[in-house]
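The block underneath contains the structure these notes are about, expressed in structure tokens.
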Amino acid sequence: MGNDNLKRTARAKGEILLEMRGVMIEGESDDVWHQIVKGIDLTLRRGEVLGLIGESGAGKSTLGVAAMGFARPGCRFNGGTVTFDGIDLLKASDEERRKLRGSRISYVAQSAAAAFNPAHRLIDQTVETETQHGVRSMAESIADAQDLYGRLRLPNPTTIGMRYPHQVSGGQLQRVMTAMAMTCRPDLIIFDEPTTALDVTTQVEVLASIRSIVEEFNTAAIYITHDLAVVAQMAHRIMVLRHGKLVEEALTRDMLAEPKEVYTKSLWAVRKLAKQESTTDDLILQVDHVDAAYGNAVKILDDVSVTVPRGRTVAVVGESGSGKSTLARVVTGLLPPSKGSVKFNGSPLPPALPQRDKESLRRIQMIYQSADTALNPRHRVYDIIGRPLTFYHGLRGKQLDLRISELLKMIELDDSYMDRLPGEISGGQKQRVCIARALAAKPDLIICDEVTSALDQIVQEEILKLLLRLQVEFGISYLFITHDIATVRAIADEIVVMNQGKVVQQGQKTKVLSPPYPAYTELLLSSVPEMDPDWLTNLLQKRQAKAK
Amino acid sequence: MHPITRTILHRLGLGALTLFIVSIVIFVMVLLLPGDFAKAILGQSATPETVQAFQKEIGLDKPAYVRYGNWIAGAVQGDFGKSYTSRVGYTRTVAEIIMPRLANTLFLALMTAFIAVPLALALGILAALHRNSLFDRVVNAVTLSTISMPEFFMAYILMLFLAVKLRLFPGLASVDADTEFFTRIYKCVLPSLTLTLVIVAYMMRMTRAAIINLLASPYIEMARLKGISKARIILRHALPNAWAPIVNVIAFNLAYLIVGVVVVETVFTYPGIGQLMVDAVRTRDMPVVQACALIFAVTYIGLNLTADIISIATNPRLLHPR
């Protein structure tokens with residue numbers, strides 16, 4: 001490790017490659033221009049990896065592409081300079097900028113699935129940059145791309161390029177994109193949240209690949225993420241952004257050891273929130289040996305048994321495709337199981353939604369990951385919360401107004417929000433409205449499907465605290481689906497680990513989160529990035545030793 | 001079986017079924033037309049005997065389902081029966097009446113398609129490439145005004161300037177079987193130009209919209225950040241993903257070139273199938289009417305089916321399954 005550190009510091013002493021001074025970028029929405037990036041200075045040396053961190057809307061991605069002299073459609077520069085290796089990118093002609101992009105500065109996008117053209121083979125897209133810039137001939141480019149695929153530990157490096165984007169997994173696609181960014185051996189690569197869309201187990205491999213190839217070619221990089229633990233593995237230096245301004249800048253180790261600003265400290269907060277677990281034998285929900293499938297396809301749930309004690313939180317963790325959300329659909333009746341039964345309050349629930357009566361519908365409510373799509377954009381908050389009140393409890397007129405006002409108070413919003421549309425409130429407030437809508441039914445069980453995944457750290461914490469408070473006040477039980485272990489620590493009493501449609505284990509939080517682990521739980525837990533700059537290095541060494 | 005093959009077979013089956021239903025509708029509609037065909041053809045002075053003989057000759061005495069069966073069985077083999085204008089010793093089959101007319105219509109349609117489709121695609125791509133530029137606005141304004149004018153008006157305007165005033169092209173497109181190929185093209189310039197002006201706007205606007213729609217997608221941003229040139233982004237990254245809506249509009253307009261050109265044919269006195277059908281309705285020559293209607297149905301269904309299949313086949317997810 002000492003050696004590793006030495007290498008990183010030594011490299012950080014290269015000459016200045018990129019210099020941004022007082023960069024201002026504004027964006028247009030509904031014919032109004034508002035400032036997104038409000039005067040940021042940024043210096044990057046050759047071979048250095050700089051982490052940009054902040055919540056969504058902080059302007060980090062906008063700043064990232066600004067390093068390429070690029071403003072997204074609807075955005076424009078309105079101040080400052082961007083100098084790349086002596087070239088003033090904002091004064092350069094379109095043609096000059098175009099020639100730099102891809103060849104000397106390249107970009108790795110957040111969602112590889114969306115950033116690859118569905119109509120072309122991977123190899124054609126990988127080599128397009130260098131053949132178009134006239135760096136190398138087609139044959140040389142292909143050979144080089146295959147070599148890069150191999151270095152990035154992609155399976156079958158000589159043939160994987162013949163595939164189309166939809167034919168490979170998300171983690172593989174992200175590595176192909178890294179290879180594509182590397183083809184011209186650029187001086188600088190912008191990584192824009194390259195692992196955010198991946199599962200933790202896949203993320204480890206991609207992070208390792210990116211880090212080693214960046215080191216190998218001594219490429220400078222700007223690494224954009226909202227995950228502190230990830231940036232700690234990748235960056236030499238970190239800049240914290242908020243509302244388009246710089247909050248704090250320091251070397252990675254210094255910032256982790258000693259964050260100076262209040263805001264930076266608050267980014268750690270959710271990781272300290274931990275619920276004291278408690279247990280009871282009084283079960284509200286029993287899912288008993290359930291199988292489920294869509295159509296006649298493969299089983300998504302395979303002999304799944306899960307129980308939820310009354311007034312407690314059971315967290316369901318697992319990778320995408322493990323069947324977590326399908327479990328929620330079975331409990332709510334959206335997907336009738338092909339085998340097994342679901343008992344609620346000791347009596348069996350009818351398998352399909354249309355067979356359930358209003359009362360059993362009322363007692364199980366759901367909150368979704370994306371409040372944006374779960375709320376009707378044309379309904380006002382009043383109607384959104386009011387509808388279940390009228391539907392389940394027959395409230396009207398003055399009583400209805402009173403109850404809506406009460407519910408708004410519970411979710412810590414005031415009456416002025418009643419007349420707002422979902423588009424007029426923030427992401428966290430939208431999720432609160434979703435919670436109020438679920439509460440309106442006075443449910444016994446709320447199924448929370450990744451309800452904090454789309455939110456920023458600070459907002460996440462507020463929502464989790466709200467959910468905990470409501471549980472204490474009303475004795476609600478939660479079935480909490482998530483892939484984030486920090487969230488599990490914060491809210492769960494019990495944990496269910498799922499993998500490939502099967503339950504790996506269910507037990508009390510402290511038991512599941514401490515050894516000995518089943519193999520899959522260990523893989524999952526060990527893959528969760530920690531706030532230690534050496535975590536990835538250590539983990540890779542440990543896994544390598546084990547493999548031997 | 002490859003999923004594409006299966007999908008195509010499925011679509012073909014559906015197309016055949018649609019055609020079958022349409023043939024029944026055509027037959028029933030003709031049955032429902034008022035008036036006595038025999039009397040209309042033989043004249044008011046015809047004796048009951050001659051009427052009966054005539055009805056027997058053309059099979060009108062048989063029940064409707066038998067007649068439908070005979071008609072459709074013949075049609076499948078390309079035999080549409082005899083025209084009611086046949087007389088003893090002088091037989092005119094429907095096929096020999098329709099064929100030269102259909103050939104004329106196809107000629108005009110193909111000629112127009114060869115001009116209009118590439119023109120529309122090129123204009124659409126250029127307009128997308130130079131979005132909101134002067135070029136884009138001019139092209140949009142011009143094509144919009146050409147579709148806003150009625151066809152006959154457009155036809156007369158062209159005739160007035162290009163045929164009467166400048167004397168560049170003939171105002172009447174009278175061709176027959178002996179007209180030479182190049183003379184034919186020369187004579188067809190004005191009708192073809194009229195039709196081009198009518199259909200180019202739809203195709204051009206759809207091409208432009210389909211491409212611009214894709215320009216906001218992440219893979220286009222990626223291509224820009226890879227330093228790919230604007231033209232290549234449109235041609236190589238946007239266009240291959242934009243075919244589905246474009247081919248549908250093209251198919252629709254090509255179908256229109258065959259089934260909807262009667263106005264233009266009339267203005268230029270061009271002997272196409274549209275005029276033939278109108279004449280046949282007037283003279284109650286039902287076998288011809290039925291055959292024309294069936295040909296129109298085949299054209300519509302066939303072209304739309306082709307468009308469907310192309311848009312399915314250009315989807316890489318279907319073409320290259322996991």
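The values are calculated or read from the model by the stated rules, or taken from the named source; none is laboratory data. Here the structure is a predicted model, which means the values were calculated and not measured. Note that each Cβ is placed from the backbone with ideal geometry, even for glycine, and that neighbours are counted across all protein chains shown.
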Checklist entry - Does A:Val459 fit the bill of being among the hydrophobic types (A, V, I, L, M, F, W, C), part of a helix (DSSP H, G or I), farther than 21 Å from A:Val316 by Cβ and at pLDDT below 90? => result yes
Checklist entry - Which of the residues spanning region A:178-224 are crowded, with 21+ Cβ neighbours inside 10 Å, β-branched (Val, Ile, Thr) and either part of a strand (DSSP E or B) or within 14 Å of chain B (Cβ to nearest Cβ) (or both)? => result A:Thr178, A:Thr183, A:Ile189, A:Ile190, A:Ile222, A:Ile224
Item to check | region B:305-322, residues that are crowded, with 19+ Cβ neighbours inside 10 Å, of a type outside the set (Gly, Ala, Ser) and away from chain A (no Cβ under 14 Å) | outcome: B:Leu305, B:Asp308
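Considering only residues that are within 29 Å of the chain's Cα centre (by Cα) and surrounded by fewer than 18 Cβ atoms within 10 Å (Cβ to Cβ), which ones fall in region B:122-135?
B:Ala122
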Checklist outcome for this item: By residue number, the members of region B:139-151 that are over 13 Å from B:Arg208 (Cβ atoms) and β-branched (Val, Ile, Thr) are B:Val142, B:Thr146, B:Ile147
Checklist outcome for this item: The lone condition A:Val65 fails out of (1) crowded, with 18+ Cβ neighbours inside 10 Å; (2) at pLDDT 90 or above; (3) away from every other protein chain (no Cβ under 14 Å) is (3)
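I'd like the full set of residues that are touching a residue at least 24 places away in the same chain (Cβ under 8 Å) and more than 7 Å from every other protein chain (Cβ to nearest Cβ), limited to region B:226-242.
B:Lys230, B:Ala231, B:Ile234, B:Leu235, B:Ala238, B:Leu239, B:Ala242
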Item to check | Per-region count, region A:262-276, residues at pLDDT 80 or above and either under 24 Å from A:Glu494 (Cα atoms) or loosely packed, with under 13 Cβ neighbours inside 10 Å (or both) | outcome: 3
Next on the checklist: Can you name every one of the helices (runs of 4 or more DSSP H) wholly within region A:309-403 that holds 2 or more residues which are over 30 Å from A:Val528 (Cα atoms), among the charged types (D, E, K, R) and touching a Ser or Thr at 6+ places or on another chain (Cβ under 8 Å)?
Outcome noted: none
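Go through B:Val261, B:Val281 for me and flag whichever is at pLDDT below 90, crowded, with 22+ Cβ neighbours inside 10 Å and in contact with a helix residue (DSSP H, G or I) (Cβ under 6 Å, 6 or more places away or on another chain). Working first, answer last.
Numbers: B:Val281 fails: crowded, with 22+ Cβ neighbours inside 10 Å.
Of the residues listed, the single one that is at pLDDT below 90, crowded, with 22+ Cβ neighbours inside 10 Å and in contact with a helix residue (DSSP H, G or I) (Cβ under 6 Å, 6 or more places away or on another chain) is B:Val261.
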Checklist entry - If we only count helices (runs of 4 or more DSSP H) wholly inside region A:67-177, which ones have 3 or more residues that are closer than 18 Å to B:Ile220 by Cα? => result A:94-100, A:112-115, A:122-132
Item to check | Sole residue being away from chain A (no Cβ under 14 Å) and assigned to a helix (DSSP H, G or I), chosen from B:Ala155, B:Ala223 | outcome: B:Ala155
Next on the checklist: Taking the conditions exactly as written (in contact with a helix residue (DSSP H, G or I) (Cβ under 6 Å, 6 or more places away or on another chain) and either among the aliphatic types (A, V, I, L, M) or under 19 Å from A:Met239 (Cβ atoms) (or both)), does A:Gly59 satisfy them or not?
Outcome noted: no
Next on the checklist: Looking only at region B:68-94, filter to residues that are without any contact (Cβ under 8 Å) to a residue 24 or more places away in the chain and assigned to a helix (DSSP H, G or I); which one of those is surrounded by the most Cβ atoms within 10 Å (Cβ to Cβ)?
Outcome noted: B:Gly74
Item to check | Criterion: over 32 Å from the mean Cα position of the chain (by Cα) and either within 8 Å of another protein chain (Cβ to nearest Cβ) or farther than 22 Å from A:Phe191 by Cβ (or both) - qualifying residue of A:Gly74, A:Gly79, A:Gly134 | outcome: A:Gly134
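Quick check on region A:139-168: of everything there that is of a type in the set (A, V, I, L, M) and at pLDDT 90 or above, which residue is nearest to A:Glu205 (Cα to Cα)?
A:Leu148
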Checklist entry - Which residues, counting only those in region A:88-126, are of a type in the set (Lys, Arg) and either more than 7 Å from every other protein chain (Cβ to nearest Cβ) or closer than 14 Å to A:Met177 by Cα (or both)? => result A:Lys91, A:Arg97, A:Arg104, A:Arg121
Next on the checklist: For region B:277-295, which positions are more than 16 Å from B:Ala95 (Cβ to Cβ) and part of a helix (DSSP H, G or I)?
Outcome noted: B:Val278, B:Asp279, B:Val281, B:Arg282
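Listed here are the residues, each with its yes/no results for (1) surrounded by 17 or more Cβ atoms within 10 Å (Cβ to Cβ); (2) touching a Pro at 6+ places or on another chain (Cβ under 8 Å); (3) closer than 30 Å to A:Cys184 by Cβ.
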site: B:Val142; (1), (2), (3): no, no, no
site: B:Ala173; (1), (2), (3): yes, yes, no
site: B:Ile185; (1), (2), (3): no, no, no
site: B:Lys226; (1), (2), (3): yes, no, yes
site: B:Pro245; (1), (2), (3): no, no, no
Checklist entry - Has region A:234-242 got any residue that is buried (at least 17 other Cβ atoms within 10 Å of the Cβ), part of a loop (DSSP other than H, G, I, E, B) and not hydroxyl-bearing (Ser, Thr, Tyr)? => result yes
Checklist entry - Do the conditions hold for A:Asp254, that is, is it among the acidic types (Asp, Glu) and without any contact (Cβ under 8 Å) to a residue 12 or more places away in the chain? => result yes
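Yes/no per residue for (1) more than 18 Å from A:Glu130 (Cβ to Cβ); (2) free of Cβ contacts under 8 Å to residues at least 40 places away in the same chain; (3) out of contact with any helix residue (DSSP H, G or I) (no Cβ under 7 Å at 6 or more places or on another chain):
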position: A:Leu148; (1), (2), (3): no, no, no
position: A:Arg153; (1), (2), (3): yes, no, no
position: A:Arg163; (1), (2), (3): yes, no, no
position: A:His166; (1), (2), (3): yes, no, no
position: A:Ser169; (1), (2), (3): yes, yes, yes
position: A:Leu198; (1), (2), (3): yes, yes, no
position: A:Ile213; (1), (2), (3): no, no, no
position: A:Ile222; (1), (2), (3): yes, no, no
position: A:Met239; (1), (2), (3): yes, no, yes
